[in-house]
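Quick notes on the structure that follows.
The values are calculated or read from the model by the stated rules, or taken from the named source; none is laboratory data. Bear in mind that the values here come from a model prediction, so they are computed numbers and not experimental data. Here the Cβ positions follow ideal geometry from the backbone for every residue, glycine too, while neighbour counts run over all protein chains shown.
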């Protein structure tokens with residue numbers, strides 16, 4: 001019984017932490033940024049090795065965000081995703097940070113770590129992301145696992161989403177775009193000085 005109580009307490013704390021993400025929480029701590037960027041680049045390399053045509057899609061995109069560790073959780077009637085990402089230009093130069101706090105409601109139980117790649121097709125959609133005014137949701141294309149190599153995903157309303165997990169994916173994974181936040185590298189440095 002103690003482990004169930006501990007699990008419930010941890011889940012409640014996670015819900016509070018997730019729903020409380022703000023712009024200040026978008027960038028990792030200053031001392032963690034170099035290592036985090038390297039993790040994001042490793043995740044990008046994984047996606048590139050598993051998705052045929054992805055490099056061409058990234059090259060033609062307006063930009064993309066890589067989330068090397070997104071926690072996906074579910075507990076009875078609540079669930080969601082949370083994590084931080086690095087934002088890159090099509091040429092692979094980092095220009096900012098991203099945070100995802102995606103609560104949803106539904107009957108589910110489980111938890112899983114995911115890696116996420118969000119590709120923005122047009123400058124207009126990328127600018128909406130950078131202004132923190134995206135809305136709606138985007139379904140993810142599962143990458144890896146027993147199915148083998150995947151093909152590049154079609155854009156849905158200007159956004160393509162790729163998701164991979166450690167041991168398969170939770171069914172129906174999607175990203176609530178209104179819960180996606182951006183912070184430029186310059187704004188993160190300025191926030192450090194305050």
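Can you name the residue in segment 174-193 that is farther than 29 Å from residue 155 by Cβ and out of contact with any helix residue (DSSP H, G or I) (no Cβ under 8 Å at 6 or more places or on another chain) and, of all such residues, is surrounded by the fewest Cβ atoms within 10 Å (Cβ to Cβ)?
193
Summed over segment 47-56, residues that are in contact with a strand residue (DSSP E or B) (Cβ under 7 Å, 6 or more places away or on another chain) and within 10 Å of residue 162 (Cβ to Cβ) total 3. Out of the residues in segment 157-169 that are touching a strand residue (DSSP E or B) at 6+ places or on another chain (Cβ under 6 Å) and modelled with pLDDT of 85 or more, which is surrounded by the fewest Cβ atoms within 10 Å (Cβ to Cβ)? The residue in question is 161.
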